[in-house]
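A short write-up of the structure that comes next.
Just so it is clear, none of the values below were taken in a lab; they were calculated from the coordinates. Note that the structure is predicted; figures quoted are calculated from it, not measured. Cβ atoms come from the backbone with ideal geometry, glycine included; neighbour counts cover every protein chain shown.
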Amino acid sequence: MSYRDPWLLPEGVAEVLPEDAKHLEILRRQLLDVLECWGYEKVIPPFIDYIDSLLTGSGHDLNLQTFKLTDQLSGEMLGIRSDMTPQVARIDAHSLNHQVSSRLCYVGTTLHTRGNSLDKTRIPMQIGAELFGHAGIDSDAEVMRLMLEVLAQAGLKNVHIDLGHVEIYRGLVKQAGLNTEQENALFDILQRKANGELQELLASYDMSASMRAIFLALPKLNGEYSILTKAEAIFTEASDSVKAALAELKTLAALLHADYPELTVSFDLSELRGYHYHTGVVFAAFVPEVGKEIARGGRYDNIGQIFGRARPATGFSAD
């Protein structure tokens, strides 16, 4: 048995010393005050929970990031939360059971089995806000405005927003009649933007030439607002659901521009972050000095269904 110094910490786990702890606590209070001013009520989900509650519905993407253990009292499988959104959805659907829209926020430590490739930590402190019970684009715009306010209060400048919509890819897949295996193979290639592989794969699929052309164009549909106009021309033969998703992006872009005329907004119609989790608009915030997203969010309707009540939902979180 190898010797290990008792003061060593596990990889990706760190202590927070007085100066940083003070800074984090001040920031936590400031940001919670912002969320409260916007009408979001704080909830405190449990740090440990039944594994099926943590990974329910759209939350299965979190499976590999969740530590699992056996409850010594019940023998049930438990998990340590790697994300709080499914728990907050349960609070809305079951514990509160409001008949009108509800706005909830949270802050607390999460635990990941593996750290991010850039910052390495496995114990990020997560803050977030969720809006339940409203399906319109106005609620998506609200949580994006709130996210920008939170980032501004945290002192972050030169924020850049990246927008996408998972229904564009989902609608195209359905229109092309792809099975699950084909959909997953295509999804993997699009995320890697491997254009050579994309051409070979689509050539092996039984689909119309027009649909094949749309899929080949998807990885190139990223950039400024003009991309949406270009996409409209490419999607002329796409289904109504795809055209509706594109229209939502245009509306959301107009709302953001009206409030933040200097905000840099880009679009990526093949970006499918949280594809199996989200159901509509997805967005992420970036700043030049950090090589990864600093906040993320989107629409994830119906996650509360397993808890007895499916509700429209949209929100964001940041570490």
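In the range 219-319, which GluC sites (Glu not before Pro) are in a loop and have at most 13 other Cβ atoms within 10 Å, using DSSP for the loop call?
Glu224, Glu237, Glu262, Glu289
Please compare each pair in Lys174/Lys243; Lys68/Lys120; Lys220/Lys292; Lys42/Lys120; Lys68/Lys292; Lys22/Lys42 to a cut-off of 25 Å on the Cα-Cα distance and tell me which ones are over it.
Where the Cα-Cα span goes over 25 Å, the pairs concerned are Lys42/Lys120; Lys68/Lys292.
If the cut-off is 17 Å between C-alpha atoms, which aspartates and glutamates fall inside it for Lys157, apart from same-chain ones fewer than 8 positions away?
Within the straight-line limit of under 17 Å, Lys157 reaches these aspartates and glutamates: Glu149, Asp259, Glu262, Glu289, Glu293, Asp319.
Of Thr66, Trp38, Ile51, which is farthest on the positive side of the dipole of the range 36-87, counting Cα position, with +1 on Lys and Arg Cβ, -1 on Asp and Glu Cβ, and the Cα centre as origin?
Selected residue: Thr66.
How large is ³J(HN,Hα), in whole Hz, for each residue of the range 305-319 in order, when computed from phi with the Karplus curve 6.51 cos²θ - 1.76 cosθ + 1.60 and θ = phi - 60°, using x for Gly and Pro?
Each residue's phi maps through the Karplus curve to give 4, 5, 8, x, 7, 7, 9, x, 8, 8, x, 8, 8, 8, 9 Hz.
Under a plain spin-label model, where a point goes 7 Å from the Cα along Cα-to-Cβ, how far apart in nm are Ala194 and Ala209?
The modelled label-to-label distance comes out at 2.8 nm.
R0 = 22 Å: FRET efficiency of Lys292 with Glu224, Cβ-based, nearest 0.05?
Computed FRET efficiency for Lys292 and Glu224: 0.55.
Net charge near Gln30: determine it from the other residues with C-beta under 12 Å of the C-beta of Gln30, scoring Lys and Arg +1 and Asp and Glu -1.
-2
By the gyration tensor of its Cα atoms, with a ≥ b ≥ c the square roots of the eigenvalues, what is the shape of the range 187-273: rounded for a/c under 1.5, prolate for a/b over b/c, or oblate?
Cα axes put the range 187-273 in the prolate bin.
Ignoring everything except DSSP H segments at least 4 long, calculate the 222 nm mean residue ellipticity for the chain; use -39,500 (n - 2.57) per segment, divide by total residues, nearest 500.
-11500 deg cm²/dmol
Can you pull out the chymotrypsin sites (Phe, Trp or Tyr not before Pro) in the range 230-319 that DSSP calls coil and that have at most 16 other Cβ atoms within 10 Å?
none
Find out how many positive minus negative residues lie around Thr236, taking Lys and Arg as positive, Asp and Glu as negative, among other residues whose Cβ is under 14 Å from that of Thr236.
After counting each charged neighbour, the total is -1.
What are the chymotrypsin sites (Phe, Trp or Tyr not before Pro) within the range 1-66 that DSSP puts in a loop, where the Cβ has at most 11 other Cβ atoms within 10 Å?
Sparse-neighbourhood loop chymotrypsin sites (Phe, Trp or Tyr not before Pro): Tyr3, Trp7.
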